[in-house]
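Heads up: the structure comes next, in structure tokens.
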């Protein structure tokens, strides 16, 4: 009878250890799942617009007009072709740099301040920077740069 009791007691001890181990594994799994959910939280609109505005201006500085044009609203692209966009948007200066300074969003619109570095095409003038304001709008789940017709 003593042998049976010892076996029973050791199995209870093992069972408690097994439960604790199982709870620890389940707890770790829950934490990793919850931690993973935090990475899929929706981004703030300012972050999305900042990224898209920078990409648009990087394309324009590089002279990639097709890519810069792709950030215009779908309605604008239906009304104005790439050639029209380029003729309206091409500056009379050599673009050197572009940096997002500020993004302020309210509802489905964001106002972006860009700092543009440029060199005048005429000789004798120094490179300089200027701040430009532009508007981005949310349409069909995507942020687009608002262009006037």
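All of the numbers you see were taken from the coordinates with simple rules; none came from a lab. Everything numeric here is computed off the predicted structure, so don't read it as measured data. All Cβ positions, glycine included, derive from the backbone under ideal geometry; neighbour counts span all protein chains shown.
Side notes on the structure shown:
- Reported value for the range 45-145: 87 Å³ per residue, from the convex hull of its C-alpha atoms.
- This ranking places 80, 112 by how few other beta-carbon atoms lie within 10 Å of each, fewest first, which gives 80, 112.
- Residues 43, 135 arranged by fewest to most Cβ contacts within 10 Å: 43, 135
- Proxy reagent accessibility, fewest Cβ within 10 Å first, across 148, 56, 115: 148, 115, 56
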